[in-house]
Amino acid sequence: MKTTQADRRSQRTRQLLSEALLALLMERRYELITVQDIIDRANVGRSTFYAHYEDKEDLLISNFEHMLDALSEHLQQSDTGGQRLLPTLELFRHVQEHRYLYKAIVGGRGMELLAKRGQAHFSGRIEQQLRAMTARQRTPTMPLPFISNYVAGAFVTMLKWWLDNNMPYSPERMDEMFQQLVMTGVRAAVGIAM
């Protein structure tokens with residue numbers, strides 16, 4: 001019984017800290033936010049914060065990874081046969097829907113951290129898709145980890161550009177450009193239709 005209460009309390013504290021960071025990100029740039037700001041907003045003590053997170057970067061990354069996991073689960077449930085390496089249209093739409101959060105992060109060190117984590121996350125997912133798609137095909141002309149990292153890096157770069165430039169194109173147009181610029185070469189390297 002005590003473990004259940006402690007787990008709930010821990011979850012509640014993590015939620016309060018996450019919500020505090022997100023609220024602060026709407027008000028100012030990531031690098032201007034301090035741990036003190038976060039704990040003041042969450043109304044928790046400093047030792048409580050450090051019992052759950054190493055620093056504010058740990059909190060940011062934890063939130064982002066949780067969001068990526070939830071997004072990936074949603075995308076897997078809505079996947080239409082696994083024919084796309086990366087559901088870029090859905091991802092562009094997701095970012096557009098949550099643009100204020102992403103734009104708040106883009107301005108500083110927070111985006112560098114999240115871009116690196118996001119690229120690693122997407123690269124792993126893409127590599128799994130490529131392995132499944134090429135299982136009965138000829139050997140690709142390039143290593144699959146190289147291709148998957150390239151695709152993920154191109155997506156993250158395009159996404160950052162889109163946010164930095166105040167989203168001048170619709171998610172649909174961004175997806176079209178991604179497919180034309182990136183996927184044409186990947187199809188040739190892998191030797192399959194996607």
Given labels modelled 7 Å from the Cα in the Cβ direction, how far is it in nm from Arg9 to Ser47? 1.2 nm
Arg28/Tyr169 FRET efficiency (R0 45 Å; Cβ-Cβ; nearest 0.05): 0.95
Fewest-first sequence of Met174, Met183, Met142, Met26 by Cβ atoms within 10 Å of each Cβ: Met26, Met142, Met183, Met174
Roughly how large, in nm² to one decimal, is the mean projection of the convex hull of the alpha-carbon atoms in the range 1-53? 3.5 nm²
Need one number for the range 150-194: average projected area of the convex hull over its C-alpha atoms, nm². 3.1 nm²
Sequence of Leu25, Leu68 once ranked by neighbouring C-beta atoms within 10 Å, starting from the fewest: Leu68, Leu25
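Laboratory data are not the source of any read-out in this text; all were calculated from the coordinates shown. Because the structure is a prediction, the values reported are computed rather than measured. So basically every Cβ, Gly included, is an ideal-geometry build from the backbone, and we count neighbours across all protein chains shown.
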